1. Residue 86 - would you say it is open to solvent by 20 Å² or more (accessible area, probe 1.4 Å), free of Cβ contacts under 8 Å to residues at least 12 places away in the same chain, over 23 Å from residue 29 (Cβ atoms) and not in a helix (DSSP H, G or I)?
2. Among 44, 72, which is touching a strand residue (DSSP E or B) at 6+ places or on another chain (Cβ under 8 Å) and on the phi > 0 side of the Ramachandran plot?
3. Between 78, 126, 117, which is in contact (Cβ under 8 Å) with a residue 12 or more places away in the chain and more than 13 Å from the chain's Cα centre (by Cα)?
4. For the stretch 114-134, how many residues meet the condition of being open to solvent by 70 Å² or more (accessible area, probe 1.4 Å) and not acidic (Asp, Glu)?
5. Of all residues in the stretch 73-83, count the ones that are modelled with pLDDT of 80 or more and either assigned to a loop (DSSP other than H, G, I, E, B) or open to solvent by 100 Å² or more (accessible area, probe 1.4 Å) (or both).
6. With respect to the numbered conditions (1) among the aliphatic types (A, V, I, L, M); (2) without any contact (Cβ under 8 Å) to a residue 12 or more places away in the chain; (3) over 26 Å from residue 136 (Cβ atoms); (4) open to solvent by less than 40 Å² (accessible area, probe 1.4 Å), which one is the sole condition not fulfilled by residue 95?
7. Go through the stretch 22-52 residue by residue and tally those that are buried (at least 17 other Cβ atoms within 10 Å of the Cβ) and of a type in the set (Lys, Arg).
8. Tell me, which residue of the stretch 1-21 that is part of a loop (DSSP other than H, G, I, E, B) and open to solvent by less than 20 Å² (accessible area, probe 1.4 Å) is farthest from residue 47 (Cα to Cα)?
Amino acid sequence: MAEKKKTTIVLFSGEYDKAMAAYIIANGAAAYDHEVTIFHTFWGLNALRKDEQITVNKGFMEKMFGKFMPRGADKMGLSNMNYLGMGPKMIKKVIKKHNAMPLPDLIDLAKELDVKLIACTMTMDLLGIEQKEMMDGVDYGGVAAYIGDAEDGNINLFI
């Protein structure tokens, strides 16, 4: 019996289109029976944040990061053609028109396909993000958690 193939993705970007690409690739790999891990770090953590505001006790800098970062996948901007926030509205309209899945649905599908979603705990500490601010179904770990999955990976991507 052949060993299961592994795909790992480091999601560093907090931009809607790049996160969408990461999740499309992850879901495709999972559909091809790969064991898939997405390691969310820095701005990529925003894809895992809950949409609603969660009351947490934070210092000044952590409060500022929280205010200026998008809360949840649906509020992320585009890497190009953001147009003061109009770009995401336009791309979501095109996604709907073509019956494609928007990013929040791609994340839900990834969970259903048992894609391992890891939130980088070091980055969470740096940005003042607490676990209760993150969606359910997320694993937490540092670089070692990612390396443990990536070292045997057949496909390793940085987005």
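1. On the way: open to solvent by 20 Å² or more (accessible area, probe 1.4 Å): yes; free of Cβ contacts under 8 Å to residues at least 12 places away in the same chain: yes; over 23 Å from residue 29 (Cβ atoms): yes; not in a helix (DSSP H, G or I): no.
Taking the combined requirement at face value, the residue does not satisfy it.
2. Working: 44 fails: on the phi > 0 side of the Ramachandran plot.
Selected residue: 72, the only one of 44, 72 that is touching a strand residue (DSSP E or B) at 6+ places or on another chain (Cβ under 8 Å) and on the phi > 0 side of the Ramachandran plot.
3. Details: 126 fails: in contact (Cβ under 8 Å) with a residue 12 or more places away in the chain; 117 fails: more than 13 Å from the chain's Cα centre (by Cα).
Exactly one of 78, 126, 117 is in contact (Cβ under 8 Å) with a residue 12 or more places away in the chain and more than 13 Å from the chain's Cα centre (by Cα), namely 78.
4. Number satisfying all stated conditions: 5.
5. Quick first cut of the stretch 73-83, residues modelled with pLDDT of 80 or more only: 73-81.
Applying the additional criterion that residues be either assigned to a loop (DSSP other than H, G, I, E, B) or open to solvent by 100 Å² or more (accessible area, probe 1.4 Å) (or both) yields 75-81.
So the count comes out to 7.
6. (3)
7. Qualifying residue count, the stretch 22-52: 1.
8. The first filter runs over the stretch 1-21 and keeps only residues part of a loop (DSSP other than H, G, I, E, B), leaving 1-5, 12-15.
Next, from what is left, pick out any that are open to solvent by less than 20 Å² (accessible area, probe 1.4 Å): 13-14.
Values: 13: 9, 14: 7 Å.
Filtering first and then ranking leaves 13.
The values are calculated or read from the model by the stated rules, or taken from the named source; none is laboratory data. If you're wondering where the values come from, they're calculated on a predicted model, not measured in any experiment. So basically every Cβ, Gly included, is an ideal-geometry build from the backbone, and we count neighbours across all protein chains shown. Side chains are part of the model used for accessible areas, which takes the heavy atoms of the whole protein and leaves out ligands, DNA and RNA. Shrake-Rupley method; radii C 1.70, N 1.55, O 1.52, S 1.80 Å.
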